[in-house]
Every structure is written in structure tokens, then in C-alpha cells.
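Right, one structure below, let's go through it.
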Amino acid sequence: MSKKYLLPYELIEINWRFWSFLVVLAAGFGALIMFPLLQVNGYIDPFYSPTVLIVPLPGAFRLTCYAYRKDYHRHIFRHPLGCRNPDRGETHEQPYTGERNAVFQLENFHRYFLYAGIAILPFFFYDFYHSLVYSGVFILRLGSLVLLANALMLTAWTLSCHAFRHIVGGNIDCYSCAYGGGARRSVWSIQSWWNSHHEQLAWISLFTIIFADLYLRAVQAGLPVDLKIF
Ligand code: FES
């Protein structure tokens with residue numbers, strides 16, 4: 001009888017991509033722990049605001065995002081079968097073994113991690129708001145705009161999620177017969193447009209949150225980057 005499922009460790013082809021992925025991940029988390037930055041000059045670092053302190057939920061939400069799944073299934077796990085590409089020198093010798101092992105099961109929880117992702121969005125806007133009042137006076141600095149851009153990109157990425165598309169417009173045969181009818185269809189149409197850009201938003205929002213952290217570290221290091229706008 002042929003074996004139906006791969007064990008988790010059998011999924012992972014030990015290759016340079018896999019190891020470099022682990023090294024980058026470990027270096028990133030290591031740096032966050034070793035060089036914590038909670039607040040500097042009235043800014044709250046998005047990595048340490050209440051939002052991300054409730055890791056692993058936001059982390060799991062991002063890790064199970066379809067945009068990243070595509071990449072790690074293709075380039076790291078090379079599984080399932082359709083993710084292997086002979087043009088990249090990858091063979092199809094390994095048989096198809098199904099898509100029901102622990103990794104795929106965990107990915108299915110993405111639709112629930114979405115709720116955590118939505119719940120933490122207001123905190124990123126709070127970080128922006130908090131940065132506008134420094135030493136008791138209203139002030140607009142470049143760093144505030146960085147935090148605002150971060151909040152907006154995280155919101156755009158979260159609300160363009162495929163699971164969110166299902167929440168607003170899925171499971172309906174007839175909009176005019178359903179609760180919320182036309183309004184729901186309008187929301188679904190707008191969300192569908194965002195959804196078609198979801199992959200780009202996933203990468204841009206990852207970049208903005210890392211950039212915001214690095215920006216605040218530059219401020220903390222005393223670099224003259226934090227321009228006052230008014
Ligand atoms: Fe990317 Fe849901 S599919 S966040």
C-alpha cells in the first residue's frame with residue numbers, strides 16, 4: 001500500500017533556500033529580542049506596540065497568507081507536486097502525497113487568524129496618533145508619516161485577504177435575495193479589486209513594518225532622519 005501522507009519533516013527538502021530562510025528568520029527574531037526598542041522620541045515601534053506583542057497570532061496570520069504560501073511551497077518545501085518546476089531543475093520523482101498533513105492543516109486556520117489580524121489594526125493607527133503629541137505639544141514629523149504609511153499598508157493587506165473576501169461576499173448564490181443585498185455586493189466588488197492586488201500588498205506591508213522599525217532605530221541612534229514638518 002502506498003504511503004498517503006508525508007510527515008512534516010519529510011516535506012522539507014534540505015536545501016540552501018530552506019537554511020537561508022531559517023537563518024534570516026532567526027536573525028530577525030534574535031535582533032528584535034537583543035535590541036528591543038519600545039519607544040523613542042514619542043514614537044512606538046510597531047514591533048513592540050501591543051499589536052505585535054500578542055505574537056504568535058499576527059505572525060501566524062502572515063505566515064499562512066496565500067502570498068507567502070505560494071513562495072515557501074514553491075521554493076522551500078517544493079510541495080505539493082504542482083509547485084515543482086522542471087525549468088528550475090526540480091524533478092517530479094517524488095510522488096504526489098496529498099495535501100492533508102500538519103502544515104496544510106495549520107494553513108487552513110488562516111481564516112481564523114484573520115480575525116486577530118483585523119483586531120490589531122486600530123493599534124497601528126494609535127501608534128500614529130500617539131506620535132503626534134510629543135512632550136505635550138502637537139507636532140508632525142516624518143516618523144509619524146512612516147507610522148501612518150505602515151498602518152495604511154497593513155490595513156490594505158489585511159482587508160484584501162482572500163478569507164475576508166469570503167466573509168463579505170462568499171457563500172451567496174443571489175445578492176438581491178441575501179441579507180444586505182446590494183450593499184454587500186458593492187463591498188464585495190470593492191474588496192475584489194483590492195484582493196487582485198493582495199500579493200503586492202503582502203510584500204509592501206512586510207516592507208513597511210520592517211522599514212518603520214529600522215527608521216525608529218535610526219532615530220534612536222541619533223541619525224538626522226526625523227524631519228519636522230510642522
Ligand atoms: Fe494573505 Fe489572507 S490570504 S492575508
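The values are calculated or read from the model by the stated rules, or taken from the named source; none is laboratory data. Bear in mind that the values here come from a model prediction, so they are computed numbers and not experimental data. Reconstructed Cβ throughout: ideal geometry from the backbone, glycine too, with neighbour counts over all protein chains shown. Calculation scope for accessible area: heavy atoms of the full protein, side chains included, ligands and nucleic acids excluded. Shrake-Rupley method; radii C 1.70, N 1.55, O 1.52, S 1.80 Å.
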* Structure fact -> Once Lys and Arg are counted +1 and Asp and Glu -1 for all other residues with Cβ under 13 Å from that of Gly169, the total becomes +2
* Asked: So which DSSP H runs in the chain come out at 18 Å plus along the axis (Cα) with average Kyte-Doolittle of at least 1.6?
  -> 16-34, 142-159
* Asked: Once a ≥ b ≥ c are taken as the square roots of the eigenvalues of the Cα gyration tensor of the range 142-230, is the result rounded (a/c under 1.5), prolate (a/b larger than b/c) or oblate (a/b not larger than b/c)?
  -> prolate
* Among 194-204, 59-69, what's the highest-first ranking by average C-beta atoms within 10 angstrom per residue? -> 59-69, 194-204
* Asked: So which cysteines of the chain have no other cysteine's Cβ under 4.7 Å from theirs?
  -> Cys65, Cys83, Cys161
* Add -39500 (n - 2.57) for each DSSP H run of 4 or more in the chain, then divide by its residues: what number comes out at 222 nm, to the nearest 500 deg cm²/dmol? -> -17500 deg cm²/dmol
* Structure fact -> Listed residues Phe125, Phe211, Phe29; largest mean-square fluctuation, Gaussian network over the chain with Cα springs below 10 Å, found at Phe29
* To do: Using a 1.4 angstrom probe on heavy atoms only, work out the carbon and sulfur share of the accessible area of the range 45-145 in %.
  => 65 percent
* Asked: Which value, in Å³ per residue, describes the convex hull spanned by the Cα atoms of the chain?
  -> 176 Å³
* Residues of the chain: accessible area per residue at 1.4 Å, in Å²? -> 59 Å²
* Anyone know which of Ser144, Ser205, Ser135 comes out most mobile in the 10 Å Cα GNM of the chain? -> Ser135
